[in-house]
Amino acid sequence: MESRIKYSPVRQFQRFKAIDRALILIDQGPESLPYHIMDISEGGLSFRYLGQKLRRSEVKKISLYHDHELIVEDLPIRSISDYRLRDNLVPVRRGSVRFAQLDDTKLQKLESFIRSFTEAPLPLS
């Protein structure tokens with residue numbers, strides 16, 4: 001008897017753990033701060049940050065850095081989630097974004113960033 005249930009991986013793209021100093025910058029004017037990338041794929045990324053919840057509706061583009069070097073600028077994104085990881089005096093939060101349609105140049109730069117600034121792939125889930 002053939003199963004009617006088809007297996008479909010939850011994620012379309014393999015995620016990779018980012019190395020230290022792989023950063024995301026969300027332009028919020030003069031008080032913009034870089035946040036640490038937790039994991040990244042060709043489809044999106046997650047990052048951790050301190051403080052109050054970001055206004056997700058205002059976040060439209062991000063830039064990727066390593067240390068102080070700009071690697072990929074103005075990647076269009078859509079915010080997926082934002083939740084509290086730890087409840088300290090200053091809350092630690094995790095934000096997740098999905099990349100919008102990328103032109104070939106930005107996609108190549110993103111792929112190069114992933115090759116250069118990530119470690120082993122994370123398990124599919």
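Do any trypsin sites (Lys or Arg not before Pro) in region 30-83 lie in a DSSP loop with no more than 12 other beta carbon atoms within 10 Å, and if so, which?
Numbers: sites: 48, 53, 55, 56, 60, 61, 78; in loops: 53, 55, 60.
Passing sites in region 30-83 are 53, 55.
With springs only between Cα atoms under 10 Å apart, run a GNM on the chain and tell me which of 34, 91, 76 wobbles the most. With Cα springs under 10 Å in the chain, the top fluctuation among 34, 91, 76 is at 91.
For residue 39, the amide hydrogen comes within under 5 Å of the amide hydrogens of 18, 46, counting only partners 5 or more places away or on other chains and with H modelled in the peptide plane. Size of region 14-98 from its Cα atoms: along the principal axes, largest to smallest, the extents are 33, 30, 24 Å.
Mean residue ellipticity at 222 nm, helices only, the chain: -3500 deg cm²/dmol; runs of at least 4 DSSP H residues each add -39,500 (n - 2.57), and the sum is divided by the number of residues. Annotation for residue 25 and residue 101: the two label points, set 7 Å from Cα along the Cα-Cβ direction, are 2.8 nm apart. Largest GNM mean-square fluctuation among 32, 112, 81, using the chain with Cα springs under 10 Å: 32.
Loop-only GluC sites (Glu not before Pro) in region 1-110, please: DSSP not H, G, I, E or B, and at most 16 other Cβ atoms within 10 Å. Present the calculation step by step, with values, prior to reporting the outcome.
Values: sites: 2, 31, 42, 58, 69, 73; in loops: 2, 31, 42.
In loop regions of region 1-110 (DSSP not H, G, I, E or B), the sparsely surrounded GluC sites (Glu not before Pro) are 2, 31, 42.
Taking label positions 7 Å along the Cα-Cβ direction at both residue 33 and residue 112, the computed distance is 3.0 nm, reported to one decimal. Of the cross-linked pairs 17/53; 17/60; 60/106, those separated by over 21 Å at the C-alpha level are 17/53; 17/60. Residue-wise HN-Hα couplings along region 112-121, as the Karplus relation 6.51 cos²θ - 1.76 cosθ + 1.60 with θ = phi - 60° gives them from phi, are 5, 4, 4, 5, 8, 10, 10, 9, 4, x Hz; Gly and Pro carry x.
We did not get these values from a lab; they are worked out from the coordinates using the rules stated. None of the values given here were measured: they were computed from a predicted structure. All Cβ positions, even for glycine, are placed from backbone atoms using ideal geometry, and neighbour counts span all protein chains on display.
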